[in-house]
Amino acid sequence: AYYLITQLDVVTARFEDQGTKIIRELAEEDILKTAASVASQVKLYLEAHPELTKEQFMSDDRLKGIIIQKVGETGYTALNEKGDDGKWRTWAHIREDVCAPHLDDMAKLKKPLKESFEGFWSVLTGVQPGKPSHGYYKWQEDDATLKDKYMVSVNVPGTPYNISATTYIGEFILPMARLGNESRALAQEVKY
């Protein structure tokens, strides 16, 4: 009986760890699929509207609705591009102040993002045609705290544009954490 009770803690911890890992992997895969889907939709829209310039992307409500889609509870997709001058610009984003011409070079985010900039930048700029870029980075909140975010960037086929999908991965893992807490509480009840 003692052995079984001590093993209950091991099983509970393993269940929570493996469950969290599986949920994280599924969430990452879902975010990638969302980015790829949005990229495909953008490609079709741009092919149907060759007269649109990137400077018009935020003012075209239909295109803006295609580009900016919800990811999880608080995440979203956005469209960006590395210009001929080597500067990265966002052309459609949930926050208009992040879009060009308001922000004419995303490298300027280095100062406000501080140490979290490098992770963000590597995912944003690591995308290549046919090869998505993905990873975690710390995002500085309005209250100056840092929270883990996950981002995927995929190329819009046949264009210089990329779709980035980003969200707090904790949103997806939270139900698993609650289940883990309940499992530990139940294990404690059984032990005593």
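Here Ala48 clears all of (1) in contact (Cβ under 8 Å) with a residue 40 or more places away in the chain; (2) over 19 Å from Arg95 (Cβ atoms); (3) open to solvent by 30 Å² or more (accessible area, probe 1.4 Å) except the condition numbered (1). The residue pairs whose first member lies in region 132-149 and is touching a residue at least 12 places away in the same chain (Cβ under 8 Å) and within 20 Å of Glu25 (Cβ to Cβ), whose second member is open to solvent by 80 Å² or more (accessible area, probe 1.4 Å) and assigned to a strand (DSSP E or B), and whose beta carbons are closer than 6 Å, counting only pairs six or more residues apart or on different chains, are Asp148/Tyr136.
Can you pull out the residues in region 69-117 that are small (Gly, Ala, Ser) and closer than 21 Å to Gln41 by Cβ?
Step one: filter region 69-117 for residues small (Gly, Ala, Ser), giving 72, 75, 78, 83, 86, 92, 100, 107, 116.
Result: Gly72, Gly75, Ala78, Ala92.
Taken together, the residues in region 124-138 that are assigned to a strand (DSSP E or B), of a type outside the set (D, E, K, R) and crowded, with 17+ Cβ neighbours inside 10 Å amount to 3. Residues that are of a type outside the set (Asp, Glu), open to solvent by less than 80 Å² (accessible area, probe 1.4 Å), modelled with pLDDT of 90 or more and assigned to a strand (DSSP E or B) are absent from region 102-123. Suppose the filter is among the hydroxyl-bearing types (Ser, Thr, Tyr) and free of Cβ contacts under 8 Å to residues at least 12 places away in the same chain; does Ser40 pass it? In short, no.
The values are calculated or read from the model by the stated rules, or taken from the named source; none is laboratory data. Just so you know, these numbers come straight off a predicted model, no measurement behind them. Positions of Cβ are generated from backbone atoms using ideal geometry, with glycine treated the same way; all protein chains shown enter the neighbour counts. All accessible areas refer to the heavy atoms of the entire protein, side chains included, with ligands and DNA or RNA removed. Shrake-Rupley method; radii C 1.70, N 1.55, O 1.52, S 1.80 Å.
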